[in-house]
1. Out of the residues in segment 60-73 that are touching a helix residue (DSSP H, G or I) at 6+ places or on another chain (Cβ under 9 Å) and part of a loop (DSSP other than H, G, I, E, B), which is nearest to Leu93 (Cα to Cα)?
2. Here's a check for you: in segment 30-60, which residue that is touching a residue at least 24 places away in the same chain (Cβ under 8 Å) and farther than 21 Å from Arg193 by Cα is nearest to the ligand (Cβ to nearest atom)?
3. Does Ala56 meet the test of being within 25 Å of Val136 (Cβ to Cβ), open to solvent by less than 60 Å² (accessible area, probe 1.4 Å) and modelled with pLDDT of 95 or more?
4. Among the numbered criteria (1) more than 22 Å from Arg47 (Cα to Cα); (2) at pLDDT 95 or above, which one does Leu161 miss?
5. Working only within segment 23-53, note down all residues that are under 17 Å from Pro75 (Cα atoms) and not in a loop (DSSP other than H, G, I, E, B).
6. Can you pull out the residues in segment 109-131 that are out of contact with any helix residue (DSSP H, G or I) (no Cβ under 7 Å at 6 or more places or on another chain) and more than 16 Å from the ligand (Cβ to nearest atom)?
7. Any idea which of (1) open to solvent by less than 60 Å² (accessible area, probe 1.4 Å); (2) within 14 Å of the ligand (Cβ to nearest atom) is the one His208 doesn't satisfy?
8. Within segment 95-149, can you find the residues that are more than 13 Å from the chain's Cα centre (by Cα) and among the polar types (S, T, N, Q)?
Amino acid sequence: MTSVPKLLKPVEKGSDPLLALAVLISGRGSNLQAILDAIADGRVRARVSVVVSNRAEAPGLQRAAAAGIETLVLPHRDAPNRAAYDELLVGALQARGVTLVCLAGFMRLLGPRFCDAFPQAILNVHPSLLPAFPGVDAQRQALEAGVRVSGATVHFVTLELDAGPVILQAAVPVQADDTVESLSARILAEEHRILPQAVQWVIEGRCHLENGRVVLR
Ligand code: GRF
């Protein structure tokens, strides 16, 4: 049995300093906002130390700035290869004392260097009930497959795309007249609910890995 994540110290209520979280984004940043809102009203006991985007035009950067959080733009094209980009990211996060990383719409694959630097301390949110519909356009994939139920997943990140141990899922019924937009909107509402919840569970040390699965305690 492995305690997840090993590097995190449980945060006692009222203790200071709080655990340092990094949120990585590429776009709108509504999941980042959900985390910020949850921190603001005490549902998540952490502080966001830095928000990193690989795209300078990501609207989510404005949300971070509005909350007074440091933003960092690290364009992946500036790095000669994936390993070098990982190195850049790891350096930036470690320099800020980050121990927990949240991928919230971050559209880059992370390699071994990054995953090894934050063992069992990287979370991702995905708009389907994994392992169904990994990769891009998950909501469109669900509609095209004709499933009656889709949803949202928060999972630990491994080297395999959208395939790490599941922490929390929420089901969303697919309606007969759903479009990609309408289904995405209902799934997104669930993402905003389960991502902060999963972050807090990890912070509290409630997630344990047994045989590659997350067991909650
Ligand atoms: C979300 O649907 C997330 O699951 C997916 O990308 C989208 C990001 O949305 N990986 P936002 O930037 O958090 O608004």
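The values are calculated or read from the model by the stated rules, or taken from the named source; none is laboratory data. Quick caveat, the model's predicted, so the values are computed rather than measured. No Cβ is skipped: glycine too gets one built from the backbone with ideal geometry, and neighbour counts run over all protein chains shown. Remember, those area values only see protein heavy atoms, side chains included, never the ligands or the DNA or RNA. Shrake-Rupley method; radii C 1.70, N 1.55, O 1.52, S 1.80 Å.
1. The extreme case among them is Ile69.
2. Across segment 30-60, the extreme among qualifying residues is Ala58.
3. no
4. (2)
5. Across segment 23-53, the qualifying residues are Val23, Leu24, Ile25, Val50, Val51, Val52, Ser53.
6. Scanning segment 109-131 gives Pro112, Cys115, Asp116, Phe118, Pro119, Gln120, Ala121.
7. Only one criterion in (1) open to solvent by less than 60 Å² (accessible area, probe 1.4 Å); (2) within 14 Å of the ligand (Cβ to nearest atom) is unmet by His208, namely (2).
8. Correct list: Thr99, Ser128, Gln139, Gln141.
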